[in-house]
Every structure is written in structure tokens, then in C-alpha cells.
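Here's the structure, in C-alpha cells; my notes come after.
The values are calculated or read from the model by the stated rules, or taken from the named source; none is laboratory data. No experiment lies behind these values; they were computed from the predicted model shown. Here the Cβ is made from the backbone with ideal geometry for all residues, glycine too, and neighbour counts use every protein chain on show.
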Amino acid sequence: MAGIIDIVYAEYNYWIYVTLMMIGFYAMIAKKNLIKKVIGANIFQTAIFLFYISLSDIKGGTEPILLHGETSTHAADIIYTNPVPHVLILTAIVVSVSTTALALALIIRIYEEYGSIEEDVILAARRKLNPEFSEYARQSEVDSQ
């Protein structure tokens, strides 16, 4: 039993990432509120970011920065942490924020059209919706006049 506890303790960060991913996945699949789905997607993305950054960390690694006047041994003897995954995650964070903003803008538009942000209500309204009451049909009538 102590062996299993040691394994779990040694890889605790992976358990945290998997837990966060499952919380986000659950929110996206099980929740009917569109804003809760967006929050779930953000939690899922954050877990992926943390996981990816943790993979790039090297124990005993240092930043790949050389300072003026620093004398050290041969460059091959120094362990550096790769900065590329961190830069990629910064880019992914920008994309995530943009995606979230777009999703929230679409949710606002859906709320204006259907009066609800609950998935069940929107799907029921779509099934019952007559074409002449849709925003597209109303806009077409205005353009044709």
C-alpha cells in the first residue's frame, strides 16, 4: 500500500491536471447553461496549459540567459529549461481568451434571439420556431421592402 501512495505522491501534479480536465469536461458535457459550458472549456484549457508547462520543466534547469561578465564552464555542462513550450502556452492563452470572448458574444446574441441561455429551451424553441418569426426572416422582410 505504501508503494501506491508513493507513486501517487510522486506524480501529484498529473492527478491535479487530470482532475481539472475532468471537471472541465463534465461541465461541457453535463451542464445545459451555455455560460457554464464556456467556463468548463476554460477549466479544461487551463489544465492542458498547466500540464504542458509542467512537462517542459527540468529539475536543476536554469533559464537560458547569459549575463555579461559571467564565466562558467563549458555550455554543454549547464542544464537549461526549454523556453519554447512557455512561449507556445502564452500564444494558446491569447487564443483561449479570444475564443472565450467570441463564445460569450455568441451567447449574448443567442439570448437576444431566444430569451434564454439554457440549451434545452433553445433547442425546444428551434423545433417550434416558424420561419417567419426568426431573425433571418425578419431581416429578409425588411430588406425586401
Do the conditions hold for residue 93, that is, is it touching a Leu at 6+ places or on another chain (Cβ under 8 Å) and touching a residue at least 24 places away in the same chain (Cβ under 8 Å)? no
If you check residue 106 against the conditions, is it modelled with pLDDT of 80 or more and within 30 Å of residue 126 (Cβ to Cβ)? yes
Does residue 60 fit the bill of being part of a helix (DSSP H, G or I), modelled with pLDDT under 95 and exposed (fewer than 11 other Cβ atoms within 10 Å of the Cβ)? no
Applying the selection to segment 19-36, what residues are without any contact (Cβ under 8 Å) to a residue 40 or more places away in the chain and either of a type in the set (Lys, Arg) or surrounded by 13 or more Cβ atoms within 10 Å (Cβ to Cβ) (or both)? 20, 21, 22, 23, 24, 25, 26, 27, 28, 31, 36
Meets criteria (out of contact with any Gly (no Cβ under 8 Å at 6 or more places or on another chain), at pLDDT 95 or above, of a type outside the set (D, E, K, R) and in a helix (DSSP H, G or I)) for residue 87: no
